[in-house]
Structure formats: structure tokens, C-alpha cells
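Have a look at the structure below, then the notes.
The values are calculated or read from the model by the stated rules, or taken from the named source; none is laboratory data. Everything quoted here is computed from the prediction, not taken from an experiment. Neighbour counts run over all protein chains shown; Cβ positions are idealised from the backbone, glycine included. SASA here: full protein model, heavy atoms, side chains in, ligands and nucleic acids out. Shrake-Rupley method; radii C 1.70, N 1.55, O 1.52, S 1.80 Å.
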Amino acid sequence: MKKLTLSIAAYCIFLSLAGCGNKTKDQGQGNNSTAVTKDTSRQALIQTIKAVETRLKASSTIETYTGNLAIAAYLDYAKYYPADTLSTAFLFNAGGLASSTGQYAKAIDIYNNVVTKYPQSRLVPECLLVEGFIYDNNLQDTAKSRQKYMELVTRFPKDSLATQARQAMKFLGKSADEIGKEFEEQNKAKEKKEHKKTQA
């Protein structure tokens, strides 16, 4: 536990230093300054990811601060190792955390990154579906939501998620009450058909 806390603290310190663009001056060299360097080895980045994931799992709710640490760790890995198959999964996780913490525009950017940079990834249909959902339910942009659902249906017509996208498009812009009434009407229509079949 102590190691975990130290790893997270070290990562936080690095983020604050790197974010501010601070440089340390070497006292023996006068005006010469050297930039703070980050260990970007695969092992170091994976260790950071594991540390923040452990912290996320330890909490029953996702705190924005911890979520942002995890997002940064996932994005770092994808930045330094874009060809690694783990990168798409980490980006997908980052998008989920961004969405869970109410950072919807950031989530869409991350999901879109997967769609455009990794078009062959098995996660692309899911990214498109989630983007459509965020646009509709969180950003109230039914036009962009329909666009994402249509892209999913067009690019992956046989994927099971395409069926979900088709269903979602039927309910775009409708309230929960309106959707409920439609389901009731559909159920009544089915019951009438079944009743007619049994009488025939």
C-alpha cells in the first residue's frame, strides 16, 4: 500500500511539474537548465496505470481527480506506444472514465481517436455506439448522435451493436414517457396479432 501511495504521489508530482513546464536549474552550471525527464518506458507506464487502477477499484465512486490521473496514464501509454494493441483498450478505458466524470467532450475526442487512428480495432463499433449515446443523452445533440449511429450501421451492418444503433435512432429526441408509450403500443399490437392467430 505504501508503494502504491508513493507511485501515485510521484506521478502526481510529475504531472504538476510537466504541466507547468517547470525546469530545474543546475546550481553548478549557472544559467544552464535541464528539463525534468519522465520515464516513458513501457514498464514504467504500465506500473503507473496499475497504480491508478488499483486506486479506482478501491473506491465505490469515481472521483474526478483519480479519474483524471487514470485518463492521463492511459493517454500517455497510447501516446508513447501507439502501435501496441493495449493502446486501443487504454484509450477506450480513458473515454469511459471521461464520460463517467462528466467530461463528455473529452470522452468523445478520445473515442473518436480510436475510430480514426485504429479503424481495424474491434472496439470501433462500441466507440461509435457510445459516442451516439453521449451526443443524445448528455449533450442533447440528436443530429450528431444520428450521424454516429448511422456510421456504425453503415460500416458494421452485421455487428450486433448495429442493431442497437438502429433501435436507438428510433428513439432519438424522445422523452422517456414517449418511448414508454411507443413500447406499450407495440406490445398491444403484438397481443392483437397473437390473439387473431389463435382464433383463426
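Overview of values
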{"item": "Condition broken by Lys193, with the remaining ones in (1) in contact with a helix residue (DSSP H, G or I) (Cβ under 9 Å, 6 or more places away or on another chain); (2) exposed (fewer than 11 other Cβ atoms within 10 Å of the Cβ); (3) not polar (S, T, N, Q) satisfied", "result": "(1)"}
{"item": "Gln167, sole failed condition from (1) in contact with a helix residue (DSSP H, G or I) (Cβ under 9 Å, 6 or more places away or on another chain); (2) at pLDDT 90 or above", "result": "(1)"}
{"item": "Failed criterion for Tyr111 (all others in (1) crowded, with 18+ Cβ neighbours inside 10 Å; (2) assigned to a helix (DSSP H, G or I); (3) at pLDDT 95 or above; (4) over 10 Å from the mean Cα position of the chain (by Cα) hold)", "result": "(4)"}
{"item": "Any hit, the range 59-78, residues being of a type in the set (D, E, K, R), open to solvent by 60 Å² or more (accessible area, probe 1.4 Å) and part of a helix (DSSP H, G or I)", "result": "no"}
{"item": "Matching residues, the range 118-168, being basic (Lys, Arg) and open to solvent by less than 50 Å² (accessible area, probe 1.4 Å)", "result": "Lys148"}
{"item": "Selected residue [of a type in the set (Ser, Thr, Tyr) and outside any helix (DSSP H, G or I)] from Thr40, Thr88", "result": "Thr40"}
{"item": "Selected residue (criterion: nearest to the chain's Cα centre (by Cα)) from residues of the range 148-168 that are more than 15 Å from Leu123 (Cβ to Cβ) and of a type in the set (D, E, K, R)", "result": "Arg166"}
{"item": "Any hit, the range 174-191, residues being more than 23 Å from Pro125 (Cβ to Cβ), among the small types (Gly, Ala, Ser) and in a loop (DSSP other than H, G, I, E, B)", "result": "yes"}
{"item": "Any hit, the range 33-47, residues being at pLDDT below 50 and touching a strand residue (DSSP E or B) at 6+ places or on another chain (Cβ under 9 Å)", "result": "no"}
